[in-house]
Structures are given as structure tokens and as C-alpha cells.
Amino acid sequence: MRAVLGVKPRAAIRRFDVFAEFKRLEALKEGQSEDEAKGHGLWVAKVVASRRGRASLTPTAPGGGHHEVSEARPRKQPRFHDLSGELQTDKLFDREVVDRMGQDFYGDVFAPAIKRAFDEGRPYESIRDAIRREWKP
């Protein structure tokens, strides 16, 4: 994907960023609100990243402890998931993903490119590297 007329990311685009955005779009498709979808995308990306290379179903925190991950309650789903004592919110998504790459790049290049691939039905694994190859700070 080419950048829009000189709009470049402020930092390198990570697989994590692509995955969090992809999961945000899935959550929106499932009917979550925009703010909940951002929080969900960030939470899923962090949980998956923490499980990398581990056989355990529960992600472990540095130092050997387990992350505190809130579970869906039968009667009421929490609005945002908790991970190691920090709510994974839309504002945190904006800070850790959007602001890191720059709001202009996110809005003009990154989000539209991921949405196009998502709408085409392309799986995350097929785009995670190719889509970000030319996005250099």
C-alpha cells in the first residue's frame, strides 16, 4: 500500500497495530460500539501477543505471574476488558496505536487500507506483513 501523498507514520507499523485494527473491525461487525470495539481490539492484540510461544491458555506477566483478565459474565458483559489492572479502552487504543503512528497516517492511510482488506474478506495472516511493507517513518 502506498502512502497518501507524503503522509508517513511517526513510528514503524507493527503486526500488533494491524492485528488490533483488524480485531476492532471484527468487533464493529459484530455490533459493538466504536469505543468498545477499540478497547476490544487492543485487548485481544495484547492477550495474543502475550501468549506467543507459550502453551498456556492464560497469558503470563513478566516475573511469572498471570495477567488479570476479566471474563464475560453470564448476565452482563463488561464494557472494557481489564488486563493487569488496566482497562483496555478506546482512549488507550488511541494512545498506543493511533498516536504512536500519528493521527493523520492512521486516518488517511492505515485505517482505510486495513478496512479495504477486511471488507474484501482477506484474513489477517494474508495482509499482516505485505500491507505494512512500505509504511516507513
In the range 14-32, what residues are under 17 Å from ARG79 (Cβ atoms) and assigned to a helix (DSSP H, G or I)?
LYS23, ARG24, ALA27, LEU28
Can you tell me how many residues within the range 27-54 are surrounded by fewer than 16 Cβ atoms within 10 Å (Cβ to Cβ) and within 16 Å of ALA111 (Cβ to Cβ)?
3
Considering residues that are in a loop (DSSP other than H, G, I, E, B) and modelled with pLDDT under 90, the number found within the range 33-79 is 25
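The values are calculated or read from the model by the stated rules, or taken from the named source; none is laboratory data. Please read all numbers here as calculations on a predicted model, not as lab measurements. Don't worry about glycine lacking a Cβ; one is built from the backbone with ideal geometry, like all the others, and counts go over all protein chains shown.
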